[in-house]
1. Kindly indicate whether M40 is at pLDDT below 95, under 22 Å from R100 (Cα atoms) and in contact with a helix residue (DSSP H, G or I) (Cβ under 8 Å, 6 or more places away or on another chain).
2. For the range 1-93, please list each of the helices (runs of 4 or more DSSP H) lying entirely inside it that holds at least 3 residues being in contact (Cβ under 8 Å) with a residue 12 or more places away in the chain and touching a Gly at 6+ places or on another chain (Cβ under 6 Å).
3. Being closer than 25 Å to M24 by Cβ, out of contact with any Phe, Trp or Tyr (no Cβ under 9 Å at 6 or more places or on another chain) and not basic (K, R) narrows it down to one residue among A87, A55; which is it?
4. Just checking, how many residues over the range 66-94 are under 17 Å from M45 (Cβ atoms) and open to solvent by less than 70 Å² (accessible area, probe 1.4 Å)?
5. Among (1) open to solvent by less than 80 Å² (accessible area, probe 1.4 Å); (2) at pLDDT 80 or above, which single condition is V97 missing?
6. Among the residues that make up the range 32-40, is at least one of them surrounded by 19 or more Cβ atoms within 10 Å (Cβ to Cβ) and over 19 Å from A80 (Cα atoms)?
7. In the range 22-31, what residues are at pLDDT below 95 and exposed (fewer than 15 other Cβ atoms within 10 Å of the Cβ)?
8. Only one residue in A19, A55 is open to solvent by less than 80 Å² (accessible area, probe 1.4 Å), among the hydrophobic types (A, V, I, L, M, F, W, C) and at pLDDT 95 or above. Which one?
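The values are calculated or read from the model by the stated rules, or taken from the named source; none is laboratory data. Being a predicted model, the structure only gives us computed values, none of them experimental. Cβ sites come from the backbone with ideal geometry, for glycine too, and all protein chains shown count toward neighbours. Heads up: the accessible areas ignore ligands, DNA and RNA and are worked out on the full protein's heavy atoms, side chains in. Shrake-Rupley method; radii C 1.70, N 1.55, O 1.52, S 1.80 Å.
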Amino acid sequence: MNTDFINNIGLTHYLVLAALLFVMGMAGVLLRRNVIVLLMSVELMLNSVNLTFVAFSKYLGLIDGHIMVFFVMTIAAAEAAVGLALAVSIFKRFNEVNIRFFEHLKG
């Protein structure tokens, strides 16, 4: 199997891909009204940041980026748990998961 193309991928390619993923995630957060889609968009943005950390870590020869990825993954898991709990709570009350129901969540 020829793996030469992997060595030809530069830092710029990774950064462009990460930027595209981040923009897609940001568009999902700003444009969509479904809570599940919002959570997936936030995950997409966090994974684009992870890709950037790993790319810089590889090209700088440092392990710091890999360590930061574990922190970001931990935050993403906690965010998903809290977000899904809120989505389930909203679904139980309104039988729909739409962001406009958050307007009724006043303290």
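1. Details: at pLDDT below 95: yes; under 22 Å from R100 (Cα atoms): yes; in contact with a helix residue (DSSP H, G or I) (Cβ under 8 Å, 6 or more places away or on another chain): yes.
Against the criterion (at pLDDT below 95, under 22 Å from R100 (Cα atoms) and in contact with a helix residue (DSSP H, G or I) (Cβ under 8 Å, 6 or more places away or on another chain)), M40 qualifies.
2. So the answer is 35-60.
3. A87
4. Qualifying residue count for the region: 8.
5. Of the numbered conditions (1) open to solvent by less than 80 Å² (accessible area, probe 1.4 Å); (2) at pLDDT 80 or above, the odd one out for V97 is (2).
6. Quick first cut of the range 32-40, residues surrounded by 19 or more Cβ atoms within 10 Å (Cβ to Cβ) only: 35, 38-39.
Retained after the next criterion (residues that are over 19 Å from A80 (Cα atoms)): none.
Checking the range 32-40: not a single residue is surrounded by 19 or more Cβ atoms within 10 Å (Cβ to Cβ) and over 19 Å from A80 (Cα atoms).
7. We begin by selecting, within the range 22-31, every residue at pLDDT below 95; these are 28-31.
Scanning the range 22-31 gives L30, L31.
8. On the way: A55 fails: at pLDDT 95 or above.
Exactly one of A19, A55 is open to solvent by less than 80 Å² (accessible area, probe 1.4 Å), among the hydrophobic types (A, V, I, L, M, F, W, C) and at pLDDT 95 or above, namely A19.
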